[in-house]
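**Q** The structure's right below; bear with me while I get my questions together.
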Amino acid sequence: MGVRIKSTGTSRAGDTFSIVEHSAAAARQAMERAGVRPDQVGVLINAGIFRDSNTVEPAVSALIQKAAGIGLDYEKNDPRSFSFDLMNAGVGVLNAVQVAQSILATGSAEHVLVVSGDTHPSLKRAAADDEFPYATSGAALLLERTEDPEGFGRVHTATESGSPAIESYVDVATMGARGRELMTVVREPGAEDRLVALAADVARQALAEAEIDLVSTALIASTVTPGFPERLAAELGIAASSVRTPDLSQGDPHTAALPLAYDRAAADDSLREFTRVLFVAAGAGPSAAAVLYQLPAPVGAAA
């Protein structure tokens with residue numbers, strides 16, 4: 001048994017800057033694309049970090065679940081759904097995939113919906129800048145069990161000791177009465193180098209699972225910097241032409257980078273030449289995760 005991506009959903013900045021609305025819109029789109037009803041989603045996992053007005057309580061996942069229309073009926077025989085936040089910087093989506101694998105293996109849920117995305121807490125801007133280097137966007141992965149030879153392999157994770165490389169916090173010494181709309185992000189000198197090295201190490205662990213033909217392997221990685229995926233590809237011996245990235249016109253989509261890149265590649269049909277995708281996430285901690293994803297055979301391909 002494996003776990004595969006049944007569909008994806010995305011939402012970029014437009015009429016709203018609310019990450020609750022963007023994540024919910026991405027969730028609804030993923031369900032609509034797959035023809036899956038809300039009552040068929042047993043679990044929703046939110047991997048986003050930066051929230052509307054620096055919301056602490058309730059769990060943002062619950063707000064997204066409500067906005068997406070999942071689990072809102074409470075009659076005796078209605079299917080049960082629940083949600084939770086899983087926050088681990090830019091690595092959260094792959095951590096959520098790992099949790100979803102365990103949930104789906106038990107048969108206790110038909111589908112797991114992983115949502116991610118970030119916004120400036122002021123809800124007044126969408127594009128990244130030097131002060132806040134993350135773009136507003138939402139993304140969703142709708143996951144299901146499969147008996148076919150496709151889907152995610154084992155998720156490998158790694159952390160490094162020492163300073164966190166990237167820190168985000170509300171500066172209580174300077175926030176005054178504006179704490180709900182401010183966020184300080186500090187990236188240490190050399191942070192990208194440390195993250196590339198850690199990401200490469202954990203990616204090699206994932207690649208060592210089987211004899212992998214790198215020519216037929218696409219790379220989708222975090223966009224800590226615009227050039228991060230290409231630097232990682234060079235470290236791994238993967239051609240730059242095999243790298244797939246999200247739209248970076250407004251900056252780094254942070255926790256949504258991997259699903260946005262996969263959605264974009266699927267829409268462009270630019271994964272057809274590959275048999276696998278290597279997903280690699282990296283972020284504050286420093287932490288990293290990697291997993292191989294076996295793509296379904298193209299429609300019409302010989303068995």
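The values are calculated or read from the model by the stated rules, or taken from the named source; none is laboratory data. Keep in mind that what you see is a predicted model, and the values were worked out from it rather than measured. Note that each Cβ is placed from the backbone with ideal geometry, even for glycine, and that neighbours are counted across all protein chains shown.
**Q** Mind listing just one residue for me: the one in the stretch 145-202 that is under 19 Å from the mean Cα position of the chain (by Cα) and of a type in the set (S, T, N, Q) and, of those, nearest to residue 89 (Cα to Cα)?
**A** It comes out as 168.
**Q** Name, by its number, the condition in (1) among the aromatic types (Phe, Trp, Tyr); (2) within 19 Å of residue 212 (Cβ to Cβ); (3) out of contact with any helix residue (DSSP H, G or I) (no Cβ under 6 Å at 6 or more places or on another chain) that does not hold for residue 279.
**A** Among (1) among the aromatic types (Phe, Trp, Tyr); (2) within 19 Å of residue 212 (Cβ to Cβ); (3) out of contact with any helix residue (DSSP H, G or I) (no Cβ under 6 Å at 6 or more places or on another chain), the lone unmet condition for residue 279 is (3).
**Q** Oh, and also: Quick one: count up the residues across the stretch 83-94 that are outside any strand (DSSP E or B) and among the polar types (S, T, N, Q). Reasoning before the result, please.
**A** In the first step, residues of the stretch 83-94 are kept if they are outside any strand (DSSP E or B); the result is 86-87, 89, 91-94.
This time we only want the ones that are among the polar types (S, T, N, Q), so: none.
The number of residues fulfilling the criteria is 0.
**Q** Further, regarding this structure: Scan the stretch 246-259 residue by residue and report those that are in a loop (DSSP other than H, G, I, E, B) and buried (at least 20 other Cβ atoms within 10 Å of the Cβ).
**A** Taking the stretch 246-259 as the starting set, the residues that turn out to be in a loop (DSSP other than H, G, I, E, B) are 246-251, 253.
Residues satisfying the conditions are 246, 253.
**Q** Next question, about the same structure. Hey, does the stretch 214-221 have a residue that's at pLDDT below 95 and not hydroxyl-bearing (Ser, Thr, Tyr)?
**A** Taking every residue of the stretch 214-221 in turn, at least one turns out to be at pLDDT below 95 and not hydroxyl-bearing (Ser, Thr, Tyr).
**Q** Let me ask something else about it. Taking strands (runs of 3 or more DSSP E) that do not extend beyond the stretch 95-211, which have at least 2 residues that are of a type in the set (A, V, I, L, M) and on the phi > 0 side of the Ramachandran plot? Step through it out loud before you land on a result.
**A** Numbers: elements: 111-118, 137-146, 156-159, 166-169, 184-187.
Fully inside the stretch 95-211 and qualifying: nothing.
**Q** Continuing with the same structure: Counting just the residues of the stretch 31-70 that are at pLDDT below 90, not acidic (Asp, Glu) and not in a loop (DSSP other than H, G, I, E, B), which one comes out surrounded by the fewest Cβ atoms within 10 Å (Cβ to Cβ)?
**A** 53
**Q** While we're on this one: Looking for something hydrophobic (A, V, I, L, M, F, W, C), over 15 Å from residue 254 (Cα atoms) and in the same structural domain as residue 95 (by TED's automatic domain parsing) - is there at least one such residue anywhere in the stretch 47-56? Spell out how you get there, then give the answer.
**A** Of the residues in the stretch 47-56, the ones hydrophobic (A, V, I, L, M, F, W, C) are 47, 49-50, 56.
Now drop any that are not over 15 Å from residue 254 (Cα atoms), which leaves 56.
Now restrict to residues that are in the same structural domain as residue 95 (by TED's automatic domain parsing): 56.
The answer is yes; a qualifying residue exists.
**Q** List every residue pair whose Cβ atoms lie under 6 Å apart, where the two residues are 6 or more positions apart in sequence or sit on different chains, the first residue falls within the stretch 1-12 and is in the same structural domain as residue 263 (by TED's automatic domain parsing), and the second residue, located anywhere, is modelled with pLDDT of 95 or more and among the charged types (D, E, K, R).
**A** Close Cβ pairs (under 6 Å, with a partner that is modelled with pLDDT of 95 or more and among the charged types (D, E, K, R)) do not exist here.
**Q** For the stretch 213-245, enumerate the residues that are under 19 Å from residue 157 (Cα atoms) and either of a type outside the set (Gly, Ala, Ser) or surrounded by fewer than 22 Cβ atoms within 10 Å (Cβ to Cβ) (or both).
**A** Filtering the stretch 213-245 down to residues under 19 Å from residue 157 (Cα atoms) leaves 219-224, 228-229, 232-233, 235-236.
Selection gives 219, 220, 223, 224, 228, 229, 232, 235, 236.
**Q** Identify, by number, the condition in (1) farther than 27 Å from residue 25 by Cβ; (2) at pLDDT 90 or above; (3) exposed (fewer than 14 other Cβ atoms within 10 Å of the Cβ) that residue 199 doesn't meet.
**A** With (1) farther than 27 Å from residue 25 by Cβ; (2) at pLDDT 90 or above; (3) exposed (fewer than 14 other Cβ atoms within 10 Å of the Cβ) applied to residue 199, the lone miss is (3).
**Q** Might you check whether a residue that is under 12 Å from residue 42 (Cβ atoms) and at pLDDT 90 or above occurs anywhere in the stretch 120-138? So that I can check it myself, show each step before the final result.
**A** Keep residues of the stretch 120-138 that are under 12 Å from residue 42 (Cβ atoms), which gives none.
No, the conditions are met nowhere in the stretch 120-138.
**Q** Next question, about the same structure. Taking residue 167, is it surrounded by 12 or more Cβ atoms within 10 Å (Cβ to Cβ) and either hydroxyl-bearing (Ser, Thr, Tyr) or farther than 13 Å from residue 290 by Cα (or both)? Break it down into steps so the answer makes sense when it comes.
**A** On the way: surrounded by 12 or more Cβ atoms within 10 Å (Cβ to Cβ): yes; either hydroxyl-bearing (Ser, Thr, Tyr) or farther than 13 Å from residue 290 by Cα (or both): yes.
Spelling it out, residue 167 is indeed surrounded by 12 or more Cβ atoms within 10 Å (Cβ to Cβ) and either hydroxyl-bearing (Ser, Thr, Tyr) or farther than 13 Å from residue 290 by Cα (or both).
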